[in-house]
Structure formats: C-alpha cells, structure tokens
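Undergrad: What follows is a single structure, and I will ask about it in a moment.
A short reminder: the numbers here are calculations on the coordinates, not readings from a lab. Being a predicted model, the structure only gives us computed values, none of them experimental. We place every Cβ from the backbone using ideal geometry, glycine too, and count neighbours over all the protein chains shown.
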Amino acid sequence: MAVLASLAGYFFAGSIAYAATSEWISSEGGDVRIVAVRPRPDSRVPAILHDRVPAILDIRLKPGWKTYWKEPGASGIPPQVTIGPSSGVTISGLSFPAPKTFNEGVARFIGYDQSVAFPIGLRSETKGDITLKGSIFIGICKDICIPVQGNFTVSLPADQVENPLERARIEKAFEATGEVSASDFKLEAHWFDKTTKRMHLSIIRPGPDEAAPEIFISSVGRFRLGEVENIVTKNGVTTAEIPYSDGEIDRGQITGSINIVVRVGERSMQTTIFFE
C-alpha cells in the first residue's frame, strides 16, 4: 500500500504557489491522487461554501481502461475516500458527473472510460493549518479489474499561496456534476405504484425526442431498487419505471434518499428525492 505525502511547488509571476496534492498512486491501468485547496468565501461555484475544503479525487486513466460510478453494478467497485479523525475534517461523501453504461458480454456496469475527477465533500471548523490524512480505494478495469488503494496526506497551511490552476480544476469538477434543475431539464413528478411495485418518473428534458436519455439511480436507505426500465420520450417529456421490492415503500415507512441522474446529449441533470 503506497503512502502519499506531498506539497508540490509551482512558480507564478515570481512568487511561489503551492499545489496541495498528494503523490499519484500508480497502477497498470491508471493513477489516482487527491487535490485540495483551502476554503475561501468567494468561490464562483455555489457548492463550494466558505467552510468547505474544496477537494477532488483525481483519476487519470490510461487508454482502454475504465473506472466505476457509485452504483457500478453487480461486479463493480465503487470509489471510496476516507478521512482519519486526526484531520479535524468531516467527509460527507463523493459527488459524480453523469456516468455511462457499458455492456461487455454478459457483464454490465456503470462508470467512466476517460479520466475523471470526483468532488469530495469536506468540511473544516479550523481556521489554521489543515492536514488531510486518509485512504483511497477505487477499481479500474480493462480485460481484468484491478483494485487501486493507498494512503495520503495533503497539507494546507494557513499561509499557503494558492495555485490558481488547482482551484480551477476543482471548480471545473464541481461544475461537471451536472445541473441541479432548469426549466427545460428537471424531474417533473415521481410516484410509487403499490400494485405493480414500480416507481414512476416523469422528466422534462431538452433536445429532440429522438435523443435517447440515460437515467441512473442510486439510493441511500434500506429499500431496494431495480434497473431503470420502459424509458419513453414524447413531446419533450421522458417517463421511466424502476421496480422495487421493499415493503417499507408500500407501508409509507421509507427513509433515506434516491439520487437521479439524467444525461441527454452533452447535458446532464441530478436531483435527489429525500424521505423522512
């Protein structure tokens, strides 16, 4: 297991700007690292608040290799980042851009076939030096699947001179997770049919009806959802069904959340349904 610790220096206009990155963890199919910058209140990306530590899991894939989404399918390995308690930083999880579906023989999985960056939800209460210590675990595949793992340490001193290229890369990764909602691209309605045990979605989407959408579902909670089925688009509205097999849904006792990601052409949208 590789142990990572670095504070790389870059030079801009005669001053030193520090890129707070871990070293790359290398494998046959690609490399992975953590990139972070200190919190500040003037980010142009609304998702990066002043008390959050902007950071990404940066994955550099070699040609022909793929990595996984958070709900990759039966044989996939979802990416994981853990932060140790000594860091004084809490982690709420990873965010993801819209993935793709891959069908390779009998295997079906959801993920990415190009280099990708996953924003990390980190929050810090400290105003002084910040040190991120934790571990990374991802899977990458070609003809075989390889687990890639390692430990990292990233230092963010209070007097750090920021590397603007690293912040721009992080902000770009946050923006790539897709639109939250727009008048022409949003979840219009959802409901559960207790008779057929199917969740129904109605989505207003852009583009011509012939542009087939991809819909991805992930959930947090004890309920179980199947694969998205019966995707039909008519007059700018896509409907879809997701089978379920959990009695808590029928009894109205569902808790947790369902995350819905829709891709149409070059645009993508994410929304979350919360149950309490």
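Undergrad: Mind pulling the angle between the C-alpha long axis of helix 164-175 and the longest principal axis of the chain? Nearest 10 degrees, somewhere in 0 to 90.
TA: So the inclination is approximately 10 degrees.
Undergrad: Let me ask something else about it. For residue 130, what residues show an amide H to amide H distance below 5 Å, using hydrogens built from the backbone and excluding near sequence neighbours?
TA: 156, 158
Undergrad: Among 95, 154, 203, which residue has its Cα furthest toward the positive end of the charge dipole of the chain, with +1 on Lys/Arg Cβ and -1 on Asp/Glu Cβ?
TA: Looking along the dipole axis, the top candidate is 154.
Undergrad: I would also like to ask the following. Name the residue from 270, 226, 254 whose Cα lies farthest towards the positive end of the charge dipole of the range 186-275, charges +1 on Cβ of Lys and Arg and -1 on Cβ of Asp and Glu.
TA: Result: 254.
Undergrad: Another question about this same structure. If amide H atoms are built 1.01 Å from N in the plane of the peptide, which residues on other chains or at least 5 residues away come under 5 Å of the amide H of residue 163?
TA: Amide H to amide H, under 5 Å and 5 or more residues apart or across chains, residue 163 pairs with 18, 20.
Undergrad: Which pairs in the list 100/142; 70/194; 197/234; 100/234 are over 18 Å apart, alpha-carbon to alpha-carbon?
TA: With Cα atoms farther than 18 Å apart: 70/194; 197/234; 100/234.
Undergrad: Something else about it: Just how large is the dipole of the range 85-229 about the Cα centre, in debye to the nearest 20, putting +1 at every Lys and Arg Cβ and -1 at every Asp and Glu Cβ?
TA: Here the size comes out at about 600 debye.
Undergrad: Right, something else. Using helices alone, what [θ] at 222 nm do you get for the chain, with -39,500 (n - 2.57) per DSSP H run of 4 or more residues, divided over all residues and rounded to the nearest 500?
TA: -1500 deg cm²/dmol
Undergrad: Shifting gears a bit: Rounded, prolate or oblate: which one fits the chain, using the alpha carbon gyration tensor with axes a ≥ b ≥ c (rounded when a/c is under 1.5, else prolate when a/b beats b/c, else oblate)?
TA: Here the chain falls in the prolate category.
Undergrad: Quick one: what are the phi-derived ³J(HN,Hα) couplings along the range 92-104, Karplus 6.51/-1.76/1.60 with θ = phi - 60°, whole Hz, x for glycine and proline?
TA: Karplus-based 3J(HN,Hα) across the range 92-104 equals 9, x, 9, 10, 9, x, 4, x, 10, 9, 10, 10, 10 Hz.
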